[in-house]
Amino acid sequence: MNKRNYLIQIIQKKFELFGFEPIETPSIENISTLIGKYGEEGDSLIFKLLHSGDFLKKQILDFLKKTKNDQRIINNVEKHFTEYVSNKALRYDLTVPFVRYIVMHKNKIVFPFKRYQIQPVWRADKPQKGRLREFYQCDADIISFSSSLWEEIELIQLCDEIFTKLNFPIIIYINHRDILKGLVEIAGIKNNLWKNFTTSLDKWNKIGRNLVKKEMLSKGITSLSFDKLEFFFDMEENFYNKKKHLTIALQNSEIGKKGIQDISFIYNNIKNISLKKTKLEWNLSLARGMSYYTGTILEIVPFYNKSFISIGGGGRYDQLANLFGINNTYGVGISLGLDRIYLAMEHENLFHTISNSPSKVLFINFGNEEVLYAYKMIKFLRKKGISTQLYPNAEKIGKQFRYANNKNIPFAISIGKNEIHKNKIRMRDLQEKTEKEYDNINDVVDQLTKKL
């Protein structure tokens, strides 16, 4: 928890540094809010909640009565039964509930609206390392009435700030859904196969070209269409060479050309602004599985371990609000997986400087009289914002020092009868194994401030 809180504090501070405001949404949403926003695979992973109490019993009895005569219900029993016993679900992500929040409060919000949210989400997935049923997302999104690619640039800069502070270099893969639509267009893939295409393509770097091809063919995409496109997804060229090949290939695709223009704008401006610990890389096989993405898409992976599961992602969703009845509302955002960042940093041993204990000072307990004398100093240190604790019992001194060492508390203060008599404060630096006497508590604070 100390490590997680360390991550949350840094992410939260950087979100606020970039002008994002916090909100929270409920853990439970109406199923109708969530279904149809994530694609078929995403919808299947939504945790549905059963009705409770007598209501559930009545619904089941009513359902059983209807199935006697309605062949339509019998043929699709799972779907209809689910509707009878459940109309709510645990949220699958933070983006769709956020857009629902925007729609409900649109008359109270000042646009553009920049919000951040750090809350758990749930997915009915098979648990494994880096893939959990309950996990925290840290989202930053911008909703406005006009679209600006400077918003994507701001989000990339935000990620760079966060991971620079964490001393954790990253790669941000970038792509554009319009470029993929242009490629689908020139390959002769039918529009009704778009979802099948993007879902399979997004696995390119995970399972490889051959298995992606096999999966696409099983979903109705022809071998001829696949062969026309595989060159682009295998390209290991720099940005400008990729742009050159795509510009030629998509010269007759208006939507494809629009995607290239957007990517070029972002890439060229990021290059001029510069990034600290982040590399921006154009990955043409990046598709992102969510159905609601419409433009730029992003995925974040550790720089030194590209094969590691992604630790974040995001993109533009300019039509998501349409599904809730609001037009001409544009959105873009990034989502950082707190648990995956934690695992990746553990793997790289980047938490070695994070203490297991928030306490910086332990007061040794010599007995009630000595503690009462020392307590005004304990209160003074806490008032100065220095985390301080008192060992609860007057046990052997060695045991108390061992406690401080085991809890990684860097300083121990001893005020026994001798110190009270001399009006001194004895402080031991447990890391450097040195000890010094001070005349007053202000000198102690000065020394702690220098070292902490």
*Do any residues in the range 229-251 that are touching a residue at least 24 places away in the same chain (Cβ under 8 Å) have Cβ atoms under 8 Å from those of residues that are hydrophobic (A, V, I, L, M, F, W, C) and open to solvent by 60 Å² or more (accessible area, probe 1.4 Å), where the two are at least six apart or on different chains, and which pairs are they?*
Ala249/Ile186; Leu250/Ile186
*Within the range 255-273, considering residues that are open to solvent by 70 Å² or more (accessible area, probe 1.4 Å) and either assigned to a strand (DSSP E or B) or of a type in the set (S, T, N, Q) (or both), the one farthest from Phe233 (Cα to Cα)*: Asn272
*asked:* If I ask for residues that are of a type in the set (Val, Ile, Thr), surrounded by 15 or more Cβ atoms within 10 Å (Cβ to Cβ) and within 44 Å of the chain's Cα centre (by Cα), which ones from the range 403-436 would you list?
replied: Ile409, Ile413
*Please find, among Ile153, Ile170, Ile186, the residue that is in contact with a Ser or Thr (Cβ under 7 Å, 6 or more places away or on another chain) and closer than 28 Å to Thr278 by Cβ.*
Ile170
*asked:* Pull out all pairs, ordered by first then second residue, where Cβ-Cβ is under 6 Å, the residues are six or more apart or on different chains, the first lies in the range 364-383 and is free of Cβ contacts under 8 Å to residues at least 12 places away in the same chain, and the second is surrounded by 11 or more Cβ atoms within 10 Å (Cβ to Cβ) and of a type outside the set (A, V, I, L, M).
replied: Arg382/Thr388
*Listed residues Leu7, Leu64, Leu56; which is at pLDDT below 90 and in contact with a Leu (Cβ under 7 Å, 6 or more places away or on another chain)?*
Leu56
*Does the range 1-40 hold any residues that are open to solvent by 30 Å² or more (accessible area, probe 1.4 Å) and more than 20 Å from the chain's Cα centre (by Cα), and which are they?*
Asn30, Ser32, Ile35, Gly36, Glu40
*asked:* I need the full set of residues from the range 332-351 which are modelled with pLDDT of 95 or more, of a type in the set (Gly, Ala, Ser) and open to solvent by less than 20 Å² (accessible area, probe 1.4 Å), in order please.
replied: Gly333, Gly337
*Could you please tell me which pairs satisfy a Cβ distance under 7 Å, a separation of 6+ or placement on different chains, a first residue in the range 168-184 that is farther than 24 Å from Phe303 by Cβ and of a type in the set (Val, Ile, Thr), and a second residue that is at pLDDT below 95 and buried (at least 24 other Cβ atoms within 10 Å of the Cβ)?*
Val184/Phe197
*the range 205-215: number of residues that are farther than 16 Å from Ser225 by Cα and not charged (D, E, K, R)*: 3
*Taking the range 116-131, which residues are open to solvent by 20 Å² or more (accessible area, probe 1.4 Å) and either out of contact with any Asp or Glu (no Cβ under 8 Å at 6 or more places or on another chain) or within 12 Å of Leu45 (Cα to Cα) (or both)?*
Trp122, Arg123, Ala124, Asp125, Lys126, Pro127, Gln128, Lys129
*asked:* Here is a list: Arg382, Arg426. Which entry is at pLDDT 95 or above and closer than 22 Å to Ile354 by Cα?
replied: Arg382
_So Ile386, is it open to solvent by less than 70 Å² (accessible area, probe 1.4 Å) and either free of Cβ contacts under 8 Å to residues at least 60 places away in the same chain or not β-branched (Val, Ile, Thr) (or both)_ = no
*the range 293-311, subset over 16 Å from Cys138 (Cβ atoms), of a type in the set (S, T, N, Q) and in a loop (DSSP other than H, G, I, E, B), residue modelled with the lowest pLDDT*: Ser307
*Selection from the range 313-362 of residues that are within 30 Å of Met104 (Cα to Cα) and of a type in the set (Phe, Trp, Tyr)*: Tyr317, Phe324, Tyr330
*Within the range 299-320, work out how many residues are out of contact with any strand residue (DSSP E or B) (no Cβ under 7 Å at 6 or more places or on another chain) and farther than 18 Å from Asp262 by Cα.*
4
_Gln400, sole failed condition from (1) open to solvent by 60 Å² or more (accessible area, probe 1.4 Å); (2) in contact (Cβ under 8 Å) with a residue 12 or more places away in the chain; (3) over 35 Å from the mean Cα position of the chain (by Cα)_ = (1)
*Considering only residues of the range 86-100 that are more than 22 Å from Gln9 (Cα to Cα) and aliphatic (A, V, I, L, M), which is most open to solvent (accessible area, probe 1.4 Å)?*
Leu90
*Pair list, Cβ under 6 Å, 6 or more apart: the range 403-422 residue touching a residue at least 24 places away in the same chain (Cβ under 8 Å), other residue among the aromatic types (Phe, Trp, Tyr) and assigned to a helix (DSSP H, G or I)*: Ile420/Tyr373
_Considering residues of the range 171-204 that are charged (D, E, K, R) and more than 30 Å from the chain's Cα centre (by Cα) only, the residue least open to solvent (accessible area, probe 1.4 Å)_ = Glu185
_Flag if Val103 is surrounded by 19 or more Cβ atoms within 10 Å (Cβ to Cβ), part of a helix (DSSP H, G or I) and out of contact with any Lys or Arg (no Cβ under 7 Å at 6 or more places or on another chain)_ = no
_Among residues of the range 328-369, those that are polar (S, T, N, Q) and under 30 Å from Ser147 (Cβ atoms), counted_ = 3
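The values are calculated or read from the model by the stated rules, or taken from the named source; none is laboratory data. Since this is a predicted model, take the numbers as computed values, not measurements. With ideal geometry, Cβ positions are generated from the backbone for all residues, glycine too; neighbour counts draw on all protein chains shown. Please note that ligands, DNA and RNA were not included when accessible areas were found on the heavy atoms of the full protein model with its side chains. Shrake-Rupley method; radii C 1.70, N 1.55, O 1.52, S 1.80 Å.
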